[in-house]
Amino acid sequence: MKLNLGAGPNWENEGWHILDHKVEKNSGFKIKGNLNKINLKQNSCDLIFISHTLEHIPHIQIQNVLTEINRIMKKEATIRILIPNLYDIAKAYVNNDSKFFKKAIDEDHSIRKDLGLGGMFMNFIVSPGQDTILLDRNLNKFIAGYAHLYSYDFKMMKILLSKCGFKNITKKKFCQSKIKDFNTPCHILGKKPIYKNLNNKFYKKNNLIHEYKNGKYKINFKFTGFDKDPLTSLIIEAKKNLYYPINKKNNINFSKNNYNNYAFSLLHNKKLRSKFNQKKIKI
């Protein structure tokens, strides 16, 4: 099986399956699910692609997600990852590189523009969306929905991938891979496989509908292909080495080298735990 994780329901590519929480139900090559618990057997995937999805995962859960991906991969199977490149984006911000961010907006027209370069930079790390919900501490009030929640550079990803059982972790260039599939860029299904920034100008020029109204997207086309956003993307390939189930010893959230365990401190609050139980919130 070749599997694109987090592709969205409007992507398809011959010979590939997709897994996404926005898929309404399992149908043909589409699998409904999330990355914390993938409903596939161990050692079932030959090839994995995941593009601009890991930044939507709370950093507290990243080890679990990467371990789940590793679990479903066959030994020596390859994963190709695209995420916002924290190093390049931070470097552009520190250097006050307005040209970089102007090009970045051309890649992604949704980038925040009203707070200068700092606002654009932060948009890559934290952004509005529909993937994670933030409630107030009393669990009574909706605050906002979020998309991006974290960002990584290559060194961070190499450490995480190594801890989660991957090897041969390398940076890759845009649409360059020994795996033929990954040499085709993301593009509109039925169009020539040439990369174009998929922004509002492109959609208008090609008479395509890509609109967000009343909480839903209206799209009259499908995506296919793989790599996108060459300016701002960090591209990594790795192979599965071994499967390391998470336990008390290797759980990075309880390492002495970070403060992640504080994220679970509210679970000691009896009143809050009672509210979790009342509202049937899983802990």
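Values in this text are rule-based calculations from the coordinates and carry no lab data. Note that the coordinates shown come from a computational prediction; the quantities given were computed from them, not determined experimentally. Backbone-built Cβ (ideal geometry, glycine too); neighbour counts: all protein chains shown.
For this structure, a couple of remarks:
- Lys/Arg +1, Asp/Glu -1 at C-beta; segment 2-246 dipole; positive extreme among Gln61, Thr132, Gly33: Gly33
- Straightening the chain between Asn214 and Lys201 buys 2.5 nm, computed as 0.36 nm per residue apart minus the Cα-Cα spacing.
- Each residue, Asp106 and Ile125, gets one label point 7 Å from its Cα in the Cβ direction; the gap between the two is 2.7 nm.
- Local electrostatic count at Ala144 - Lys and Arg +1, Asp and Glu -1, tallied over other residues with Cβ under 12 Å: -1
- Separation of alpha-carbon centers, segment 31-55 and segment 178-234, rounded to whole Å: 21
- Restricting attention to the chain, close to 55% of DSSP beta bridges with both partner residues there are antiparallel.
- When Phe264, Phe223 are sorted by how many other C-beta atoms sit within 10 angstrom of their C-beta, beginning with the fewest, the order is Phe264, Phe223.
- Springs join every pair of Cα atoms under 10 Å in this Gaussian network model of the chain, and among Lys167, Lys204, Lys222 the largest mean-square fluctuation is at Lys204.
- Residues Glu107, Glu24 arranged by fewest to most Cβ contacts within 10 Å: Glu24, Glu107
- Sorted by Cβ neighbour density within 10 Å, fewest at the top, the residues Cys45, Cys175: Cys175, Cys45
- Counting 0.36 nm for each residue step from Thr170 to Ala147 and taking away their Cα separation leaves a gain of 5.7 nm.
- In this rough spin-label picture, where each label sits 7 Å from Cα along the Cβ direction, the Tyr87-Ile246 distance is 2.6 nm.
- Computed FRET value (nearest 0.05) for Ile179 with Lys32, which takes r as the C-beta separation and R₀ as 22 Å: 0.25
- Pairs exceeding 25 Å between alpha-carbon atoms, taken from Lys113/Lys205; Lys2/Lys172; Lys25/Lys192; Lys30/Lys103: Lys25/Lys192; Lys30/Lys103.
- For Lys249, the lysines whose Cα falls under 23 Å of its own Cα, not counting residues fewer than eight places away in the same chain, are Lys37, Lys155, Lys158, Lys163, Lys167, Lys240.
- Projected label points at Leu135 and Ala263, each 7 Å from Cα along the beta carbon direction, are separated by 1.8 nanometres.
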